[in-house]
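Data block below; observations after.
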Amino acid sequence: LFCLAVRGSEGLYMVNGPPSFTESVAFQRDSGKNCKAVGFSKDGSLFAWCNGEKVNVVNVTRAELLHSFDLPKTVCLEFSPRNNVLATWQAYAAAKDGTAGLPNLQLHDLRTGKCLKSFVQKKQQNWCPCWADDESICARNVNNEVHFFENNNFNTIANKLHLQKVSDFMLSPGPQPTKVAVYVPGSKGAPSFVRLYQYPNFGGPQSALANKSFFKADKVTMLWNKKATAVLVVASTEVDKSGASYYGEQTLHYLAASGESAVVQLPKNGPIYDVAWSPNSVEFCAVYGFMPAKATIFNLKCDPVFDFGTGPRNAAYYSPHGHILVLAGFGNLRGQMEVWDVKNYKLISKPVASDSTYFAWCPDGEHIVTATCAPRLRVGNGYKIWHYTGSVLHSHEVPCDEEMWQVFWQPFLDGVFPERAVRHRAAPGQLPRAEPRPAQAYRPPALRNKPATSSKLHEDEPPQNMKPQVGGGDRPLSKTALKNQRKHEAKKAAKQEAKADAHQGPAQVKPPQNALQSPVPAMTTGDPEVDKKIKNLKKKLKAIEQLKEQAAAGKQLEKNQVEKIQKEAALLKELEDLELGV
């Protein structure tokens with residue numbers, strides 16, 4: 001049984017997950033209104049919080065208080081991966097006489113309760129030391145250097161990585177050997193760069209596993225995949241000098257631990273809203289481009305594998321097992337979600353979670369929580385627990401005079417919950433489905449009693465598989481192979497048409513009206529110029545049909561419109577010649 005922790009003006013408490021959704025008795029509610037820092041250990045067995053008086057650590061499974069530290073001003077806290085150390089951070093304050101303040105970053109041994117080490121850490125950003133998953137290495141960024149400690153011995157610096165000005169770094173997940181990604185911002189005309197190293201080989205640029213430099217970067221976000229074979233780097237500028245975007249400019253870079261690097265080519269211009277690695281470590285999803293945004297899955301060669309088309313979205317969330325992907329539009333969008341089966345690329349459901357400020361997958365890979373939290377939104381605070389098929393299983397709203405600040409699932413280690421087969425039929429929900437009514441476009445009074453016409457500002461692009469199949473193989477075709485395949489298909493289609501014409505005898509010149517309106521296959525000949533002419537002719541003929549319908553309805557046509565109708569026979573003859581390849 002797993003829990004959902006809830007923090008707000010009503011205090012801190014835990015709710016049991018599906019199917020009961022009752023308040024957990026394993027954790028005694030803390031009704032104080034000053035709870036600022038909370039956190040689970042990586043395996044979910046320990047839970048710590050600061051209530052404005054003390055930092056308490058409990059064992060969730062045994063409902064047992066383990067430690068209580070006298071640190072009332074703690075703002076952030078975090079467990080080390082194997083639960084040996086608890087790191088706490090308080091806001092730094094200099095002494096009244098101007099001298100250095102007291103150390104504000106404490107590392108506590110959770111077996112003995114003693115303070116292992118205290119550091120001065122002025123900035124809240126990147127305050128927490130980073131551990132390797134086995135805790136053999138711990139690293140901190142200190143004065144543009146990365147300091148490494150081994151086996152939680154914080155009295156001795158075991159190693160240093162010194163570059164010009166290390167702004168940020170990330171340790172790789174998973175087993176040894178540990179790799180380190182470091183970011184150095186550019187200065188005085190020199191480019192910014194990200195380098196990958198393998199600990200402890202830091203002997204200059206030659207020892208780097210991979211290197212990628214770029215000019216357009218004020219800040220970067222680095223994302224390791226689960227197997228630690230590659231890093232994605234989203235480089236951002238604060239200002240877009242072209243004036244195209246208010247949000248600055250972003251580029252996406254790929255670095256492999258084997259030394260390969262590339263710029264990921266995104267087919268649509270605009271911001272990069274989100275990038276997420278699949279848990280399988282061989283694919284990643286990017287959400288990008290001016291609204292309506294595109295979402296595309298890429299492989300490790302940075303080639304597109306599947307394009308989800310365009311839609312109102314700005315976030316991507318893979319399920320813990322990687323078999324389901326949720327594309328969502330939160331923040332300034334309406335909360336529409338698309339739940340995809342990414343093994344078969346099938347859409348499972350399209351639920352809507354309006355006004356959501358938070359989304360998270362449950363560790364079981366079956367359930368989702370969406371929440372509306374303060375201070376982002378101070379009204380309508382609450383959370384909903386969904387099944388990924390779109391059913392709402394539980395909903396909780398806080399009273400209108402109260403606020404909810406945070407919700408988050410109790411985490412579990414990989415492998416605790418087995419992967420289940422994807423369901424496409426909606427799970428039975430305890431609450432009726434609230435289908436939102438589509439917002440009606442404004443129509444001026446003169447048009448309100450007339451038939452509605454489509455007035456979309458843009459047409460959404462449909463999803464498409466970017467991996468053409470040849471003979472059942474999985475490898476994408478080259479450009480030449482694709483061109484030859486199209487020519488072959490066009491010749492085959494032309495031969496079949498010629499045979500059909502021979503069987504039917506002389507065909508009438510004018511095609512039936514419904515033939516013009518029916519969808520025509522995109523590939524008719526192997527020559528793109530001829531295809532273009534055919535498309536234009538069909539467009540003109542369609543316009544003539546519409547004019548004839550208007551004339552039949554009694555509308556007075558203009559002189560140029562009558563002339564268009566008179567050209568119909570000539571256009572039909574030209575179209576027939578082109579289609580037969582004369």
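Can you tell which of Lys179, Lys188 is charged (D, E, K, R) and surrounded by fewer than 17 Cβ atoms within 10 Å (Cβ to Cβ)?
Lys188
Search the range 209-231 for residues that are under 19 Å from Glu249 (Cβ atoms) and in contact (Cβ under 8 Å) with a residue 12 or more places away in the chain and pair each with any residue that is surrounded by 21 or more Cβ atoms within 10 Å (Cβ to Cβ) and among the acidic types (Asp, Glu) when their beta-carbon atoms are under 9 Å apart and the residues are at least 6 apart or on different chains.
That search, which allows pairs on different chains as well, returns Lys216/Glu249.
Which of the residues that make up the range 276-290 are assigned to a loop (DSSP other than H, G, I, E, B) and open to solvent by less than 10 Å² (accessible area, probe 1.4 Å)?
The answer is Ser278, Ser281, Gly289.
Quick one: which strands (runs of 3 or more DSSP E) lie wholly within the range 49-139 and hold at least 1 residues that are without any contact (Cβ under 8 Å) to a residue 24 or more places away in the chain and more than 26 Å from Ser167 (Cα to Cα)?
Values: elements: 55-59, 64-69, 74-79, 85-90, 105-109, 115-119.
Strands (runs of 3 or more DSSP E) meeting the threshold: 55-59, 64-69, 115-119.
Identify all residues within the range 400-411 that are more than 13 Å from Glu366 (Cβ to Cβ) and in contact (Cβ under 8 Å) with a residue 12 or more places away in the chain; write none if there are none.
Correct list: Cys400, Glu402, Glu403, Met404, Trp405, Gln406, Val407, Phe408, Gln410, Pro411.
Can you say whether Lys33 is basic (Lys, Arg), touching a residue at least 24 places away in the same chain (Cβ under 8 Å) and open to solvent by 60 Å² or more (accessible area, probe 1.4 Å), as far as the supplied structure shows?
Numbers: basic (Lys, Arg): yes; touching a residue at least 24 places away in the same chain (Cβ under 8 Å): yes; open to solvent by 60 Å² or more (accessible area, probe 1.4 Å): yes.
Judged against the criteria, Lys33 is a match.
So for the range 326-344 (the condition being part of a loop (DSSP other than H, G, I, E, B), under 20 Å from Pro462 (Cα atoms), open to solvent by less than 10 Å² (accessible area, probe 1.4 Å) and touching a Lys or Arg at 6+ places or on another chain (Cβ under 9 Å)), does at least one residue qualify?
Yes.
Does at least one position in the range 417-429 carry a residue that is in a loop (DSSP other than H, G, I, E, B), in contact with a Ser or Thr (Cβ under 7 Å, 6 or more places away or on another chain) and modelled with pLDDT under 70?
Yes, that holds for at least one residue.
Taking into account only those residues within the range 140-167 that are within 17 Å of Ala208 (Cβ to Cβ) and crowded, with 18+ Cβ neighbours inside 10 Å, which is nearest to the chain's Cα centre (by Cα)? I'd like the intermediate steps shown before the answer.
Within the range 140-167, the first condition is being within 17 Å of Ala208 (Cβ to Cβ), and the residues that meet it are 145-146, 148, 159-167.
Restricting the remaining residues to those that are crowded, with 18+ Cβ neighbours inside 10 Å gives 146, 148, 161, 163, 166.
Details: Val146: 29, Phe148: 32, Leu161: 32, Leu163: 32, Val166: 27 Å.
Taking the candidates together, the pick is Val166.
The values are calculated or read from the model by the stated rules, or taken from the named source; none is laboratory data. Here the structure is a predicted model, which is why all the values come from computation and not from measurement. So basically every Cβ, Gly included, is an ideal-geometry build from the backbone, and we count neighbours across all protein chains shown. Side chains included, ligands, DNA and RNA excluded: accessible areas come from the protein's heavy atoms. Shrake-Rupley method; radii C 1.70, N 1.55, O 1.52, S 1.80 Å.
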